[in-house]
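The values are calculated or read from the model by the stated rules, or taken from the named source; none is laboratory data. Only a predicted model underlies this, so the values are computations on that prediction, with no experimental measurement involved. Don't worry about glycine lacking a Cβ; one is built from the backbone with ideal geometry, like all the others, and counts go over all protein chains shown. Accessible surface areas use protein heavy atoms only, side chains included; no ligands, DNA or RNA. Shrake-Rupley method; radii C 1.70, N 1.55, O 1.52, S 1.80 Å.
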Amino acid sequence: MNDVPRGRLKVYLGAAPGVGKTYRMLDEARRRASRGADVVVGFAECHGRPLTEAMTDGLEVVERLRCGYRGGEFEEMDVAAVLARRPRVAIVDEFAHTNIPGDGRHPKRWQDVEDLLAAGTDVITAVNIQHLASLKDVVEKITGVPQHETVPDDVVRKAEQIEFVDIPPEG
């Protein structure tokens, strides 16, 4: 029997790519760390945005796992390293991400997050609305772009908190 209480999940749900989910997660990480919380960045995808990258300054960032696949080299979250570190809170971006196969990793990042939660780590993550499994077909009909990376709706529904992130209207 596991005596470790399950971690809590918070999801930043984005209206679209680029609305600031990662920035908001990192801002929350910085605020929590400034209040003494044990926070690590398990994985943050800053997409080359300097302001977002600067938000990692002063935060502990777990080194990424380098994976070879089909002749290329990719970086993935090192779930084992995050689990070994045992932080109170982990920032894990790209909730719907499909992991590179191999090394015993789960197929999807949301499954990695489940491992962190089961180990008692609170996780703050981000996903765009088009990656919710129930909206996959609707989004494809509207945009013409198929969505290959999805998160089951019930996984997102288990979150203790969901915060919607949209581009603010310009006034």
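Each principal axis of the Cα atoms in the range 31-98 has its own extent, and those three values, largest first, are 44, 30, 20 angstrom. Note on Ser34 and Val145: their simple-model spin labels are 3.4 nm apart, each label 7 Å out from Cα toward Cβ. Around the Cα centre of the chain, unit charges on the Cβ atoms of Lys, Arg, Asp and Glu (plus for the first two, minus for the last two) sum to a dipole of about 280 debye.
Farthest towards the positive end of the charge dipole of the range 100-166, among the residues Thr143, Phe164, Pro107, is the Cα of Thr143, using unit charges on the Cβ of Lys, Arg, Asp and Glu. Along the chain, the exposed loop sites are trypsin sites (Lys or Arg not before Pro) outside DSSP states H, G, I, E and B with at most 11 other Cβ atoms within 10 Å, and the longest stretch free of them is 71-171.
Counting only protein heavy atoms and a 1.4 Å probe, the range 1-97 has 55 square angstrom of accessible area per residue. For the range 57-91, GluC sites (Glu not before Pro) meeting the loop criterion (DSSP other than H, G, I, E, B) and having at most 11 other Cβ atoms within 10 Å: Glu63. Taking every DSSP beta bridge that has both ends in the chain, the antiparallel portion is near 20%.
Summarise the accessible area of the range 1-115 (1.4 Å probe, protein heavy atoms) by the percent that is carbon and sulfur.
50
Which of (i) 45; (ii) 36; (iii) 53 is the computed percent of Cα pairs over 24 Å apart for the structure on display? Evaluating percent of Cα pairs over 24 Å apart on these atoms matches (ii). Rolling a 1.4 Å probe over the protein heavy atoms leaves Val139 with an accessible area of roughly 30 Å². Only the Cβ atoms of Lys and Arg (+1) and of Asp and Glu (-1) were treated as charged; on that basis the dipole of the range 78-171 about its Cα centre amounts to roughly 260 debye. Given a cut-off of under 8 Å on Cα pairs at least six residues apart, what relative contact order in percent is computed for the range 24-139? For the range 24-139, the relative contact order is 24 percent. Placing a pseudo-label 7 Å from each Cα along the Cα-to-Cβ vector at Cys46 and Ala16 gives an inter-label distance of 2.5 nm. In terms of its C-alpha gyration tensor, the range 117-161 comes out prolate, because a/c is 1.5 or above and the ratio a/b outweighs b/c.
Modelled spin-label separation between Asp57 and Leu135, with each label point placed 7 Å from Cα along the Cα-to-Cβ direction: 3.3 nm.
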